[in-house]
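I have placed the structure first, in the form of C-alpha cells, so that the comments after it can refer back to it.
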Amino acid sequence: MEQSTARRSRGITREQILDVALELFNERGYDKTSLREIAERLGVTKAALYYHFERKEDLLLGLHLRLHALGREILDDLDALEDERQIVAAWPKLLDRFIDEVLANRDLFRFHQRNERALHSLGDNEQHAAENDDLAERFRRFLGNPAIPLADRVRMTCSVTALLGGLMAGEEVYGDDVTMDEVASHVRAVIRDLYPPA
C-alpha cells in the first residue's frame, strides 16, 4: 500500500498540485478549500498530496512564492545592467514586461486579491519573511542608489506603485464589465506619462 501511494505521488508534481490549489482557492476561497478536495480534483489520495505538501499553509506559501518569482526576474534583469543610465533607460520596458506577466498570471493575482487575510498569516513563516526581505532589500538598493538622479528614483517608485495598485485592484474594484486588458492599457498609459519618450 505504501509503495502504491509513493508511486502515485511521483505521478503528480508540486506544480500540478499548486495549479489545482490555485483553481480551488479562486473558486471557493482558501479557508473553504480542504486538502481532500484538492486531492480529489487531482485524482490522488490525500497521502499522495502529503508527499509534496504536508499542510495547506505550504500550498499558500508555494503560490505566494510564485508571485515573488515574477518580481525576482525583473530584479535579476536590473542586476545584469552595467550602470545607472542603463537602469533608468530599461525601467519602463521592464515594467511593461511585468504588466504582461501579470496578465499571463491573472489567476495568481486574483488569488492574491481574494485571499489577503490568509496570505497575511504567512508573516510568521521564516521562508516567506526571508524572501520578502530579500526582494525589499534589492528594490531598496536600486531606489536608494545616489548615482541615479533623485527625480528618476522617485519616478521609478511611483511607477511601481501605480502598476501594482492599478492592476491589483482588478475586477474587484473596477467592476465585472471591465477587463484586465482594459485596466492594463490604462496602467501602461500612466507609466508612459511618467516616462515620456525623449
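Brief remarks follow.
- Computed lengthening from Glu84 to Arg140, 0.36 nm per intervening residue step minus Cα-Cα distance: 18.7 nm
- Net charge dipole size for the chain [Lys, Arg +1 and Asp, Glu -1 on Cβ; Debye, nearest 20]: 360
- The chain: angle of helix 84-104 to the longest principal axis, Cα-based, in degrees nearest 10: 40
- The angle separating the long axis of helix 180-194 from the principal Cα axis of greatest extent in the chain is about 30 degrees.
- Structure remark: mean-square fluctuation, Gaussian network model of the chain, C-alpha springs under 10 Å; the largest value among Asn115, Asn105, Asn125 belongs to Asn125.
- Segment 82-198, relative contact order [Cα under 8 Å, separation at least 6], %: 36
- Fluctuation leader among Val173, Val102, Val44 - the chain, Gaussian network, Cα springs under 10 angstrom: Val173
- The residues packed around Leu75, meaning those with a beta-carbon under 15 Å from its beta-carbon, carry a net charge of -3 if Lys and Arg are +1 and Asp and Glu are -1.
- Counting only alpha carbon atoms, the long axis of helix 2-11 and the longest principal axis of the chain meet at about 30°.
- Note on Cα extents along the principal axes in Å: of the candidates [x] 48, 44, 31; [y] 67, 40, 28; [z] 87, 44, 30, the value calculated from this structure sits at [y].
- Comparing mean-square fluctuations of Asp19, Asp124, Asp107 from a GNM of the chain with C-alpha springs under 10 Å, the top value falls on Asp124.
Each value in this text was obtained by applying a stated rule to the coordinates, not by laboratory testing. The structure presented is a predicted model; accordingly, all values stated were derived computationally and were not measured. No Cβ is skipped: glycine too gets one built from the backbone with ideal geometry, and neighbour counts run over all protein chains shown.
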